[in-house]
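S.K.: To start, I am sharing the structure in question, which I have written as structure tokens.
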Amino acid sequence: MSKNGAIKLVAGNSNPALAQQIADYLKTGLTKAVVKRFADLEIFVEIQENVRGSDVFVLQSTSFPANDHLMELLIIIDALRRSSARRITAVVPYFGYARQDRKPGPRTPISAKLVANLITRAGADRVMTLDLHAGQIQGFFDIPTDNLYASPVMVRDIKEKFKVDSVMVVSPDVGGVVRARGLAKRINAPLAIIDKRRERAGESEVMNVIGEVAGHTCILVDDIVDSGGTLVNAADALLAQGAKAVYAYISHGVLSGGAVARVAKSRLKELVITDSIEPTKEVRAAGNIRVLPIASLIGEAIGRTAHEESVSSLFD
Ligand code: R5P
């Protein structure tokens with residue numbers, strides 16, 4: 001418990017519903033703050049309660065529009081630091097820019113590292129995030145970073161909805177195998193992998209399914225659904241190999257451009273995402289997209305951090 005009463009939660013504008021649900025879980029309110037735009041769209045922040053000596057958690061996903069939400073996060077942290085908060089934790093359920101975690105070619109940036117530097121230099125003492133695109137991004141920070149996993153919430157849902165002995169977990173690409181294997185282990189299901197290959201430049205990608213998926217209900221597991229292309233193509237490849245039905249459990253529903261329509265038209269039975277990114281009306285209205293609430297997991301992790309208790313044991 002901080003010297004200055006209970007923990008403080010300050011929300012940016014990225015996901016007000018999630019922020020309120022986290023506050024409800026922690027049986028507290030959101031700290032009064034103004035986060036608004038001037039006429040030229042500069043961001044202005046005013047914390048309207050005393051936070052001197054407080055343990056403050058800033059709730060903000062750096063989702064679409066990523067740059068605005070990132071800038072809000074940085075300015076909120078700056079305001080809190082200048083208001084003498086004792087400890088500032090940036091709670092970033094969806095960490096935008098995470099996919100830019102290495103140089104894909106010469107003369108390109110490592111933007112995930114730059115974003116980590118910005119958050120640290122703004123004054124964050126700790127970072128909490130959910131299903132980071134790559135675990136190594138934690139090493140881009142020199143401050144403590146807790147990477148939470150949505151898997152307990154997904155596993156509960158999968159156990160409720162499926163006969164687990166007919167399920168096969170599938171990683172839609174080789175890069176996601178560790179994540180998918182983790183979930184497969186938790187439900188005691190076998191694992192298949194899709195290996196996407198372009199044999200020659202200019203030729204279309206071949207999807208090799210590694211594993212016997214015929215007759216199984218396949219559950220694709222990944223961190224991000226963005227355009228939806230990865231999932232829709234994976235579903236087609238699995239069905240072509242005799243899978244009974246294909247579902248997907250994805251932590252972050254980025255769903256940009258025509259993704260919702262693409263998923264709606266696809267052969268995916270259901271796409272399940274969390275609300276780490278605020279679901280749009282279009283997402284809520286989609287027939288085959290369902291949203292799992294993540295607030296209690298994040299709220300519990302915040303409570304444990306505030307009381308210096310184990311966070312990792314949430315995932316045992
Ligand atoms: C990539 O490495 C990620 O894990 C996702 O597979 C990817 O971002 C999904 O993108 P999209 O939905 O545009 O295919």
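The values are calculated or read from the model by the stated rules, or taken from the named source; none is laboratory data. Everything quoted here is computed from the prediction, not taken from an experiment. Because the Cβ atoms are built from the backbone with ideal geometry, glycine has one as well, and the counts that use them run over all protein chains shown. The protein model used for the area step is the full one, side chains on, heavy atoms only, and it has no ligands, DNA or RNA in it. Shrake-Rupley method; radii C 1.70, N 1.55, O 1.52, S 1.80 Å.
S.K.: Which percent, to the nearest 5, of DSSP beta bridges fully inside the range 181-316 are antiparallel?
M.R.: Details: 6 of 22 bridges.
In the range 181-316, DSSP labels about 25 percent of beta bridges as antiparallel.
S.K.: Taking the convex hull of the alpha carbon atoms in the range 200-275, what volume per residue do you get, in Å³? Present the calculation step by step, with values, prior to reporting the outcome.
M.R.: Working: hull volume 7.9 nm³, N = 76.
Output value, Cα hull per residue: 105 Å³.
S.K.: Given the options ILE43, ILE75, ILE302, state which has the largest fluctuation in a GNM of the chain using a 10 Å cut-off (strictly under) for Cα springs.
M.R.: Among ILE43, ILE75, ILE302, the largest GNM mean-square fluctuation belongs to ILE43.
S.K.: Take the chain, connect every pair of alpha-carbon atoms lying under 10 Å apart with a spring to form a Gaussian network, then pick out the residue of ARG82, ARG107, ARG267 with the largest mean-square fluctuation.
M.R.: Evaluated over the chain, the most mobile residue of the options is ARG107.
S.K.: With a 1.4 Å probe and all protein chains left in place, how much of the accessible area of the range 151-293 comes from carbon and sulfur atoms, in whole percent? Kindly include the intermediate steps, with their values, before the conclusion.
M.R.: Numbers: 3200 of 6730 Å².
Heavy-atom surface of the range 151-293 belonging to carbon and sulfur, 1.4 Å probe: 47 percent.
S.K.: Quick check for you: with a 1.4 Å probe and neighbouring chains kept, what is the accessible area per residue of the range 183-262, in Å²? Walk me through the intermediate numbers first.
M.R.: Working: 3530 Å² over 80 residues.
That works out to 44 Å² for each residue.
S.K.: Over the alpha-carbon set of the range 198-244, work out the extent along each principal axis and list the three values in angstrom, largest first.
M.R.: Taking max minus min along each principal axis of the Cα atoms, the range 198-244 gives 34, 23, 13 Å.
S.K.: Restricting attention to the alpha-carbon atoms of the range 151-293, what are Rg (one decimal) and Dmax (integer), both in Å?
M.R.: For the range 151-293, the Cα-based Rg and Dmax read 14.3, 44 Å.
S.K.: Any number yet on Rg/Rh for the range 37-144, C-alpha, Kirkwood?
M.R.: Numbers: Rg = 14.3 Å, Rh = 14.5 Å.
On the Cα set of the range 37-144, Rg over Rh gives 0.99.
S.K.: Continuing with this model, one more query. Can you tell me the dipole magnitude for the chain around its Cα centre, using point charges on the Cβ only (Lys, Arg +1; Asp, Glu -1), in Debye to the nearest 20?
M.R.: On the way: 39 positive and 35 negative charges, 8 e Å.
Roughly 40 debye for the chain.
S.K.: Pop out the carbon and sulfur fraction of the accessible area of the range 8-143 as a percent, whole number, probe 1.4 Å.
M.R.: Its accessible area is 52 percent carbon and sulfur atoms.
S.K.: Between helix 16-25 and the chain, what is the angle of the helix's C-alpha long axis to the longest principal axis, kept within 0 to 90° and rounded to the nearest 10?
M.R.: For helix 16-25, the angle is close to 80 degrees.
S.K.: Now a separate question. When all protein chains stay in place, what accessible area (Å², nearest 10, 1.4 Å probe) is found for TYR97?
M.R.: Estimated to the nearest 10 Å², TYR97 gives 80 Å².
S.K.: Taking only DSSP H segments of four or more residues, each worth -39500 (n - 2.57), what value at 222 nm results for the chain once the sum is divided by all its residues, to the nearest 500 deg cm²/dmol?
M.R.: On the way: 9 runs with 96 residues, N = 316.
-9000 deg cm²/dmol, from helical runs alone.
S.K.: Please go through the residue pairs LYS196/LYS281; LYS196/LYS269; LYS32/LYS269; LYS196/LYS244; LYS36/LYS265; LYS36/LYS161 and name each one whose alpha carbons sit more than 31 Å apart in this structure. Mind dumping the intermediate values first?
M.R.: Working: LYS196/LYS281 33 Å; LYS196/LYS269 22 Å; LYS32/LYS269 42 Å; LYS196/LYS244 21 Å; LYS36/LYS265 38 Å; LYS36/LYS161 42 Å.
Going by Cα-Cα distance, LYS196/LYS281; LYS32/LYS269; LYS36/LYS265; LYS36/LYS161 fall outside the 31 Å limit.
S.K.: With only alpha-carbon atoms in the gyration tensor, what are the semi-axes of the equivalent ellipsoid for the range 51-98, in Å, largest first?
M.R.: Working: eigenvalues 95, 22, 7 Å².
So the equivalent ellipsoid measures 22, 10, 6 Å along its semi-axes.
S.K.: A follow-up question, please. Provide TYR247, TYR94 ordered by accessible surface of protein heavy atoms (probe 1.4 Å), highest first.
M.R.: Working: TYR247 45, TYR94 20 Å².
Correct descending sequence by accessible area is TYR247, TYR94.
S.K.: Could I have the simple spin-label model distance between LEU314 and ARG37, label points 7 Å from Cα toward Cβ, reported in nm to one decimal?
M.R.: Going from the LEU314 label point to the ARG37 one covers 3.2 nm.
S.K.: Running a GNM on the chain with Cα contacts under 10 Å, which residue among GLN136, GLN100, GLN20 ends up with the highest mean-square fluctuation?
M.R.: GLN136
S.K.: On a C-alpha basis, how far is the centre of the range 126-152 from the centre of the range 1-75 in Å? Whole number, if you could?
M.R.: When both Cα centres are located, 20 Å separates them.
S.K.: Treat the chain as a sphere of radius equal to its Kirkwood radius over Cα pairs and apply Stokes-Einstein at 20 °C in a medium of 1.002 mPa s; give the translational diffusion coefficient in µm²/s, rounded to a whole number.
M.R.: Once the numbers are plugged in, D ends up at 104 µm²/s.
S.K.: Turning to a different aspect of this structure: Please report, largest first and rounded to whole Å, the three semi-axes of the ellipsoid equivalent to the range 6-72, where each semi-axis is the square root of five times an eigenvalue of the C-alpha gyration tensor. Provide the component values of the computation, followed by the final result.
M.R.: Numbers: eigenvalues 91, 45, 17 Å².
The equivalent ellipsoid of the range 6-72 has semi-axes of 21, 15, 9 Å.
S.K.: Still on this model: Between GLU203 and ASP165, what's the calculated FRET efficiency when r is the beta-carbon distance and R0 is 30 Å? Round to 0.05.
M.R.: Details: r = 39 Å, r/R0 = 1.30.
Once rounded, the FRET efficiency stands at 0.15.
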